[in-house]
Amino acid sequence: MRTKQQLGEAIRRDRRAALVVNAHSRRGRQQYERARGLLAAAGFDLVANHPVEQVDRLESIFAEVADLRPDLLIAGGGDGTLSAAARLLAHRDMALGLLPMGTTNNFARTIGIPLRLDRAVDVLADGTVVDVDLGLAGGTPFTNHVGIGLSADIMLTTPPRLKRLTGRVAYPLTALALLTRHRPLRATIRAGGGE
């Protein structure tokens, strides 16, 4: 496996990348062509590019593209898309590039990726590679966050159409609707020998 510095140098020098965009993310369908154009203008050689219409195929497309061994696998979408890509790329000799096209883009915000598409492409072109922690919840790897109880219910039940229309406001609106039937969650957490 290459170091972060070696991988960053390869990205800057060779510009060998692949692009996978979740067309069902809030802005994925609208920004796919623009993303391709910006990446081409930045000198990237896209060994593959896919606007994914069926969300259930996203992970298999990521796997197919990863098998092409680009130095940079660029994922466009929201937090779910980026988490799926990060799970797949863990411990592989390639970097994950982020194009925030979702509703909240918490993952991108957390690691300092600009939300404007052109500025996010600039970050990719700079070849900056950073480490990201990967957690495990019940054997499932995750990146940015994991939720249970009301938080998870909100994420699972917020209608995609509402997210497209209202953006981040969709989540508190969904929370208000769920609160009427919400039951408190009781949990015991064990960590570091304590409870």
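The values are calculated or read from the model by the stated rules, or taken from the named source; none is laboratory data. Because the structure is predicted, anything quoted here is derived from the model rather than measured. Cβ placement follows ideal geometry from the backbone for every residue including glycine, while neighbour counts extend to all protein chains displayed. To get the accessible areas, we keep the full protein, side chains included, count just its heavy atoms, and leave off ligands, DNA and RNA. Shrake-Rupley method; radii C 1.70, N 1.55, O 1.52, S 1.80 Å.
Tabulated data
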{"item": "Those helices (runs of 4 or more DSSP H) lying entirely in the range 1-96 with at least 1 residues under 22 Å from Lys163 (Cβ atoms)", "result": "28-41, 58-66, 79-89"}
{"item": "All positions within the range 100-137 that are in contact with a Phe, Trp or Tyr (Cβ under 9 Å, 6 or more places away or on another chain), without any contact (Cβ under 8 Å) to a residue 24 or more places away in the chain and either part of a helix (DSSP H, G or I) or surrounded by fewer than 13 Cβ atoms within 10 Å (Cβ to Cβ) (or both)", "result": "Gly135, Leu136"}
{"item": "Which listed residue is closer than 25 Å to Gln54 by Cβ and without any contact (Cβ under 8 Å) to a residue 60 or more places away in the chain, from Ala187, Ala170, Ala90, Ala177", "result": "Ala90"}
{"item": "Residue count for the range 158-195, restricted to those that are among the hydroxyl-bearing types (Ser, Thr, Tyr) and open to solvent by 70 Å² or more (accessible area, probe 1.4 Å)", "result": "2"}
{"item": "Qualifying position, being in contact with a Phe, Trp or Tyr (Cβ under 7 Å, 6 or more places away or on another chain) and either more than 30 Å from Arg168 (Cα to Cα) or of a type outside the set (A, V, I, L, M, F, W, C) (or both), among Pro51, Pro70", "result": "Pro51"}
{"item": "Residues of the range 46-92 classified as open to solvent by less than 60 Å² (accessible area, probe 1.4 Å) and among the charged types (D, E, K, R), total", "result": "2"}
